[in-house]
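Here the structure comes first, spelled out in structure tokens, and everything after it is commentary.
The values are calculated or read from the model by the stated rules, or taken from the named source; none is laboratory data. Everything numeric here is computed off the predicted structure, so don't read it as measured data. All Cβ positions, glycine included, derive from the backbone under ideal geometry; neighbour counts span all protein chains shown. Please note that ligands, DNA and RNA were not included when accessible areas were found on the heavy atoms of the full protein model with its side chains. Shrake-Rupley method; radii C 1.70, N 1.55, O 1.52, S 1.80 Å.
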Amino acid sequence: MNILIKNGIILPMNAPKGEQPYFCGCLGVENNKIAFVSSSSQEADKFLALHKDDCTVIDAAGKVVMPGLINTHTHVAMALLRGISDDVPLMEWLQEHIWPIEGKMGYQEVFDGARLGILEMLMGGTTTFVDMYPYEEAVAHAADLAGIRAVVSPCPMDFRMEHFETDWRKVNEFIPQSQVVTMMMGPHAIYTLSDKNLERSISLSHELGVGSHVHLAETETEDRDARAKYGMSPTEYFQKAGLFGTHTLAAHCVMVDDRDIEILAANKVSVAHNPQSNMKLASGIAPVKKMLDAGVNVSLGTDGASSNNDLDMWEEMRTASLLQKVATMNPCAIPAYTALEMATVNGAKAIGREGELGILTPGAFADIILVDLEKAHLYPHTNIISELVYSAHAQDVETVIVNGRIVVENRKCLTMNAQEVCSTAQKHIDELLNK
Ligand SMILES: [Zn+2]
């Protein structure tokens, strides 16, 4: 299918520093890739003449046309557990509330929980997410059916290695059948993996040619325990174990010191910053400004919906910016455009897809969103970047295209029945809480 988007405010996320990053223009999609991006309406006419029998035309007047957002750390099926436990510390939250109920979840619960999270993300303009959970095969299926791009990470943990061995094989078999699902290994965290099981994960990532997606330096307890047990920080431990020998995406990195940041930068480890989850679990404030200044690629994630409690990347952008300002007492820390980069181009880099995703340029995959600016909370129009980061909501996203396919049109999801997704999720959680 071909798509022509015209009369829009194009925000391609590749403007040279110092230049206005958006312009009025048009954009063409051929099959699943961007064919052209231009400020000239003649280009639109040419494209239309070329594809006149097979072209969907979208009039984007009053709308921003920008890359879809990339959520680089979540556990999407935890949408099912939204609100079951709030206002407790991380380890208590995991051990007493989350893990017991997760132990009762099987393929179907994960599949339907993932569908709920995916629906929320698509409706808010997220076109790619990076996941980690048991039964990643179910998440892969749900993502493929909904038409959202997903990087699923089968997740070794000491108490479920047998399940992991089945899970990664099923995901690996499924990947070639999907245009939107890819895989990373998901070694869960230093505190859930023995040396031997971490080694197994690292050797699999080499064998399969995929990167690793890990929780790293999330809390003070994790840092203290690692230093007591191994005599080094979690970052130093993973480096020593050889984890960073393949492409690595590390979620959180709240408790990283200067030495750790040096290691992350030198090993080209990307960091998924999850400001709202870190705030809600009182884990602390990741030194994002310091990491960016040191050359670390920092992207954004929501984490699971039970520690956030939504999957709204607009809120993460705003929170990331505001939190660094207050943490450093510097209003210039994380300007609005940097927050947008973290949610788009940096996200693409974090999953090894730089230049292919998170950017509107010819040859890139057509993952595009249209944001409606005709709203009172976005008026008057003086600085579009400021409006998007400091004022916009997920509900302002009107149309979503993933891999050249329109999946949300005029705020209606075309690939999922929203009512059915929500009622199925309700049925599951009612049953799980009564089991
Ligand atoms: Zn997480």
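Summary table
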quantity	calculated
Ranked packing of 55-61, 120-126, most packed first, by mean Cβ within 10 Å	120-126, 55-61
Probe 1.4 Å, all protein chains present, accessible-area order of Tyr379, Tyr107, largest first	Tyr379, Tyr107
Leading residue at positive end of dipole, segment 291-403 (Cβ point charges), from Pro335, Met317, His377	Pro335
Segment 69-350 - Rg over Rh from alpha carbon coordinates, Kirkwood radius	0.93
With all protein chains modelled, accessible area of Leu48 [1.4 Å, Å²]	60
Most to least packed among 86-94, 130-138 [average Cβ atoms within 10 Å]	130-138, 86-94
With DNA, RNA and ligands ignored, accessible area of Thr74 (1.4 Å probe; Å², nearest 10)	0
Average projection area in nm² (convex hull over Cα atoms of segment 1-140, one quarter of hull surface)	12.1
Solvent-accessible heavy-atom area per residue, rounded to whole Å², over the chain at 1.4 Å	39
Carbon and sulfur %, accessible surface of segment 69-350 computed with the full protein complex present, 1.4 Å	53
Whole-number D in µm² s⁻¹ for segment 370-435, Kirkwood Cα-pair radius fed into Stokes-Einstein, 37 °C, 0.692 mPa s	227
Of Thr182, Gln95, Thr166, farthest towards positive along the dipole that unit charges on Lys, Arg, Asp, Glu beta carbons give the chain	Thr182
Cβ-placed point charges (K, R +1; D, E -1), dipole of the chain about Cα centre in debye, nearest 20	600
Interchain or long-range residues, amide H under 5 Å from Cys24's placed H	Ile10
Accessible area of Arg169 in the full protein assembly, 1.4 Å probe (Å², nearest 10)	110
Estimated FRET transfer efficiency (Val57, Lys375; beta-carbon r; R0 25 Å; 0.05)	0.60
Coarse-grained scattering of segment 228-283 at q = 0.14 Å⁻¹, given as base-10 log I(q)/I(0) from a Debye sum over alpha-carbon atoms	-0.40
Which of Pro12, Ala143, Phe365, positive extreme of dipole for the chain (C-beta unit charges)	Pro12
Per-selection Rg to Rh, segment 276-435 - Cα, Kirkwood hydrodynamic radius	1.00
Cα-based helix-to-principal-axis angle, 107-123 vs the chain, degrees rounded to 10	40
Dipole magnitude of segment 92-171 about its Cα centre (Cβ charges: Lys, Arg +1; Asp, Glu -1), debye to nearest 20	300
Per-residue [θ]222 nm for the chain (sum of -39500 (n - 2.57) over DSSP H runs n ≥ 4, rounded to 500)	-11000 deg cm²/dmol
FRET efficiency, 1/(1 + (r/R0)^6) with R0 22 Å, evaluated for Trp99 and Lys427 via beta carbons	0.50
Given Lys17/Lys289; Lys170/Lys412; Lys268/Lys289, the pairs whose alpha carbons are separated by over 21 Å	Lys170/Lys412
Ala15-Thr328 FRET efficiency (beta carbon distance; Förster radius 25 Å; 0.05 resolution)	0.45
Stretchable slack from Ile175 to Asp86, in nm (0.36 nm times residue separation minus alpha-carbon distance)	28.5 nm
